[in-house]
C-alpha cells in the first residue's frame, strides 16, 4: 500500500482508496481524449460507442441493445445528441465524462 497526494487538496491518502477522504477528489484516466469521445458520439452515438470509450459499459450495452428496435433508434439518437451536448459543455473538464480508474 502506497501513499499518494491528492491533486486537489494535497492531502496524502492510500492509493487503494476510491477517493480523497478530505475533499472527495477521484482519480480518472487522463489518457482519454475528449475529441475522440465527441467524434464517437457524433458518428457512432446510436450504438453507444462513446459510452464504451468513456468506460460506462452498462449504458453502452443498453444503447447497443436499444438500437436493435425501430423505436430504440430514435431513443438512442436523442440520447447520443444529449451526450454530445454534455460533452461539448464539459470539454475543459473531462473528469465529469470519463469513468474513474479501477484500482
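Considering only residues that are surrounded by fewer than 17 Cβ atoms within 10 Å (Cβ to Cβ), in contact with a helix residue (DSSP H, G or I) (Cβ under 8 Å, 6 or more places away or on another chain) and at pLDDT below 95, which ones fall in the range 37-58?
Answer for the range 37-58, where residues must be surrounded by fewer than 17 Cβ atoms within 10 Å (Cβ to Cβ), in contact with a helix residue (DSSP H, G or I) (Cβ under 8 Å, 6 or more places away or on another chain) and at pLDDT below 95: just 57.
Name the one entry in 20, 9 that is farther than 30 Å from residue 72 by Cβ and crowded, with 16+ Cβ neighbours inside 10 Å.
From the options 20, 9, the qualifying one is 20.
Any residue at all in the range 94-103 that's under 30 Å from residue 4 (Cβ atoms) and either modelled with pLDDT of 85 or more or assigned by TED's automatic domain parsing to the domain that holds residue 17 (or both)?
Yes.
The values are calculated or read from the model by the stated rules, or taken from the named source; none is laboratory data. As the structure is a prediction and not an experimental result, all values here were calculated from the model. All Cβ positions, glycine included, derive from the backbone under ideal geometry; neighbour counts span all protein chains shown.
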